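For reference, the structure is listed below as structure tokens.
The values are calculated or read from the model by the stated rules, or taken from the named source; none is laboratory data. From a predicted model like this one, the values you see are computed outputs, not experimental measurements. Positions of Cβ are backbone-derived with ideal geometry, glycine not excepted, and every protein chain shown enters the neighbour counts.
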């Protein structure tokens, strides 16, 4: 079934649904942060946080915020600092509703974040892969950084990964001199 997909900035009315999606995705891993912590991350960079609508209903989201490369937010604490000088955009969370997974929507939403990151001048996009998602992220151009310290709250198999924005852009949009 083909869905009408729209990616947009997050609005105030989205938060209960976003918190429910986050709980659905991470509760079994004890990684659910809850609405307050999610809001704190989005508040630090609203222009890089997005809701994905499928047929007019919120079916996913991405929260990304400027963060120093090889560093990441502590998932147990609210975000207070705004890292304005960072050249790295950290994709803290990307969730697609369970019934719509494996249809390319996660890749589409990740691509949207990458496009915005490049347009805003970020050099890299980073993330912490959890729950065995390293393969998905490698397939989307991300490479592991074993030297990065990841807070224990992300879980034992958590892996910091990143990619340059130029490596993530479609080949035809990358300009060379």
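The table below lists the values:
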{"item": "Meets criteria (in a strand (DSSP E or B) and surrounded by 19 or more Cβ atoms within 10 Å (Cβ to Cβ)) for residue 91", "result": "yes"}
{"item": "Filtered residue count, the stretch 7-23, keeping only those that are touching a residue at least 12 places away in the same chain (Cβ under 8 Å), surrounded by 13 or more Cβ atoms within 10 Å (Cβ to Cβ) and more than 14 Å from the chain's Cα centre (by Cα)", "result": "4"}
{"item": "Tally of residues being under 14 Å from residue 96 (Cβ atoms) and either over 16 Å from the mean Cα position of the chain (by Cα) or surrounded by fewer than 16 Cβ atoms within 10 Å (Cβ to Cβ) (or both) across the stretch 24-39", "result": "1"}
{"item": "Matching residues, the stretch 75-97, being more than 17 Å from residue 41 (Cβ to Cβ) and modelled with pLDDT of 90 or more", "result": "87, 96, 97"}
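Residues checked against (1) more than 15 Å from the chain's Cα centre (by Cα); (2) more than 14 Å from residue 74 (Cα to Cα); (3) at pLDDT 90 or above:
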| position | (1), (2), (3) |
| --- | --- |
| 125 | no, yes, yes |
| 131 | no, yes, no |
| 138 | no, yes, yes |
| 152 | yes, no, yes |
| 156 | yes, yes, no |
| 173 | yes, yes, no |
